[in-house]
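The structure appears below as structure tokens.
Every read-out reported here was derived from the displayed coordinates using simple, explicitly stated rules and does not represent laboratory data. Owing to the predicted nature of the structure, the values given are computational and were not obtained by experimental measurement. With ideal geometry, Cβ positions are generated from the backbone for all residues, glycine too; neighbour counts draw on all protein chains shown.
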Amino acid sequence: MSKTEAKARIKELRDITAYHAKKYYDEDNPEISDFEYDMLMNELKNLEKEFPEFIEKDSLTQKVGGTVKEGFAKVTHEVPLQSLQDVFDFDSIKEFDERMKKLAEENALPLAYTVEVKIDGLSVSLEYKDGILIKGATRGDGQVGEDVTENVKTIKTIPKQLTKPVNITVRGEIFIGKKEFEALNEEREVLEEPLFANARNAAAGSLRQLDSRETAKRPLDIYIFNVQKMENSEIQSHYESLQYLEKLGFPVIPIKNLCYTCEEVIEAIKKIGEERENLGFGIDGAVVKVDNLNLRTKAGTTFKTPKWAIAYKYPPEQKETIVKDIICQVGRTGAITPMAILEPVKVAGSTISKTTLHNEDFIKEKGIKIGDHVLIQKAGDVIPEVVKVLTKKRTGEEKEFEMPKTCPVCGAEAVREEGEAVTRCMGIECSAKSLRSIVHFASKDCMDISGLGYSVIESLMNKGLLKNIADIYSLTVEDIASLKKDGKKFAQKLKDAIDNSKNNNLDQLINALGIPHIGTKTAKILAKRYKTMKKLMEASFIELSLIEEIGEITANAIIEFFKQEQTIDLIEKLDNAKVNMKYIEKTGVDNRFDGKTFVLTGTLENYTRDEASEIIENFGGKTSSTVSKKTNYVLAGEEAGSKLTKAQQLGVTILSEEEFMKLIQ
């Protein structure tokens, strides 16, 4: 590679790695796998090593990737929280050992190593004074981190007081266990919240909450792996320091092997690789550290990494297998996901017999057929995936896969809407998605059944007391009280809330049914227009699509929803339970905005967008997201953008927040 080519590629790699480091460290929302990022960084390091004249101080090879999030106080680390040099083969481990051997001989010091798991989490420092926790901080850029003291105090496994009144600063890794991560994402899926990409980012995002009460809700854990600073210490060995930390009451990293030769180090790394599937937490490698603390001092550090430690990253292992069949599973939101049933094969320490194929487009893109020979890989603790089809091994007996037209669980129609990659079950009583349906039905913006939240619904379902939405209205006080010891008071309150929900207005019920594309605003429009559930169910596609706020896609979703037998059955059960099916006109209502359309733009000082919209709707008006000739008012806050410009061009009346407040007085 010429110097010109190298310079251009180095700049390109710096830009790419900086972008992905920001997504990973600062936004906790990675777009590529750890392995892909490591490969980019490795290429950059090698090019900078070959062409040192192009090294710049802002390159990520020269510093740690994180920054301090706005809203947190800064903490300067007295002892920097450095990152580690990554290696990907055992030859690099041997080279590291040769350097350390030479250094140990020159200084007449003993040489041993500790080999530890490299937990995939968020690195923090914890400072104790007289044995009392006084400060917790994230790594940040290694020199300056974020003060997260109140947040770390919510983590149950972090001791608030040690067994001895020592002054000590330690470093650890905060993480979320594998099972806990799965449960967390399952709950977020049901609550229709964005899923976390992986456990590491879930942990990082949880710790970096500005409200410590939110952090307390997350299943965070920690393992301590290093003493950063300790007063009056006579300990000369890292391994001994870990044993001392255990006596102080710290949860210390559970896998730590003391090795005396390079061969023992490599065997320890291999063993960790074989056993990592059985660990309760995710790892992204193994760490090799010089054990003697005096030898560490002699080895020294660079600005970014210590010279006495190295991180071995496990490469993704690829194996060939056969796609024996493709079946479909139904998720809690009704998403129908194709799953490849594989000829069992051992990959990265575990036997793989199935893997997700995501959706119909993924199968077509990869060209996967039933009977195909495929390559699969499992990088670290990531879900196994099909890398490619080995088309040369086809015999002609392979079969094309087609997505089902009906739900494999309940038999309701399966629909893939225009513009979506996912095919969904349309059955509202489908057992696969009943938890999500019930949570949505009972939520505040829907039937608003106070006390009937995710955990209570899950408990009722686990006891067989709740199987679908209609069962809510069959629950007894005794049923609910059985969930808790001395639960009669709670049970009566919840039963009252359930009974009161029967009197809700029609728009709340429409919203609660979970019809695709129907939210609070559209539900109100439909309720006011059709007055009864029966008339809405009888509405035609043309009639619905002609409603300005509906359109063809939403109209089609409504038609598809109400033609399902499960929907008709549920409405009948709710009607029999005396749930209100009619729109209740509010008497004595001030309709000063009747027939008026508002568009909101910019930031309001006294109201959120939702609050202002609710006020307008309560006065009989409606809101729209686009400015047109039919718009009556544009309510413009601070930093109003293109909508304000368009309103000025069309001559639409523009209201300041002060003018709006006068109108609603």
_Please compute the length gained on full extension between PHE51 and GLU5, using 0.36 nm multiplied by the number of residues separating them and subtracting their Cα-Cα distance._
15.5 nm
*Order of LEU342, LEU103 - criterion: other Cβ atoms within 10 Å of each residue's Cβ, fewest first*: LEU103, LEU342
*For GLU478 and ASN42 in the same chain, what is the full-extension length gain: residue separation times 0.36 nm, less their Cα-Cα distance, in nm?*
150.7 nm
*Which aspartates and glutamates have a Cα lying under 19 Å from the Cα of LYS364, excluding residues fewer than 8 positions away in the same chain?*
ASP325, ASP372, GLU385, GLU397, GLU398, GLU400, GLU402, GLU417, GLU418, GLU420
*asked:* Taking R0 as 25 Å, what FRET efficiency do you get between LYS388 and ASP89 from their Cβ-Cβ distance, rounded to the nearest 0.05?
replied: 0.60
*Mind scanning LYS528/LYS646; LYS118/LYS378; LYS354/LYS433; LYS247/LYS298 and naming the pairs with a C-alpha gap bigger than 24 Å?*
LYS528/LYS646; LYS247/LYS298
*Highest mean first, what order results for 182-195, 242-255 on Cβ atoms within 10 Å?*
242-255, 182-195
*Under the rule of -39500 (n - 2.57) per DSSP H run of 4 or more residues, summed and divided by the residues of the chain, what mean residue ellipticity at 222 nm is obtained, to the nearest 500 deg cm²/dmol?*
-10500 deg cm²/dmol
_Efficiency of FRET between LYS129 and LEU546 - r from beta-carbon atoms, R0 56 angstrom, step 0.05_ = 0.20
*Return the distance in nm (one decimal) between the two label points of a simple spin-label model at LEU210 and LYS528, each offset 7 Å from Cα along Cα→Cβ.*
3.4
*Calculated FRET efficiency, ASN618 and LYS467, Cβ-Cβ r, R0 45 Å, to nearest 0.05?*
0.75
_Taking the beta-carbon count within 10 Å as an exposure proxy, list ARG529, ARG436 from fewest neighbours to most._
ARG529, ARG436
*Let me have the relative contact order for the chain, percent, based on Cα pairs under 8 Å that are six or more residues apart.*
9
*Would you mind ranking PHE562, PHE281 so that the residue whose beta carbon has the fewest other beta carbons within 10 Å leads the list?*
PHE562, PHE281
*Which links in LYS463/LYS489; LYS444/LYS495; LYS153/LYS271; LYS22/LYS229; LYS270/LYS392 stretch past 24 Å when you go from one Cα to the other?*
LYS153/LYS271; LYS22/LYS229; LYS270/LYS392
*Among THR215, HIS440, ASN591, pick out the residue whose Cα is farthest towards the positive end of the charge dipole of the chain, where Lys and Arg carry +1 and Asp and Glu carry -1 on C-beta, about the Cα centre.*
ASN591
*Return the whole-Å distance between the Cα centroid of the stretch 376-442 and the Cα centroid of the stretch 201-228.*
33
*Give the cysteines in the chain for which no other Cys Cβ lies under 4.7 Å away, or write none if there are none.*
CYS259, CYS262, CYS328, CYS446
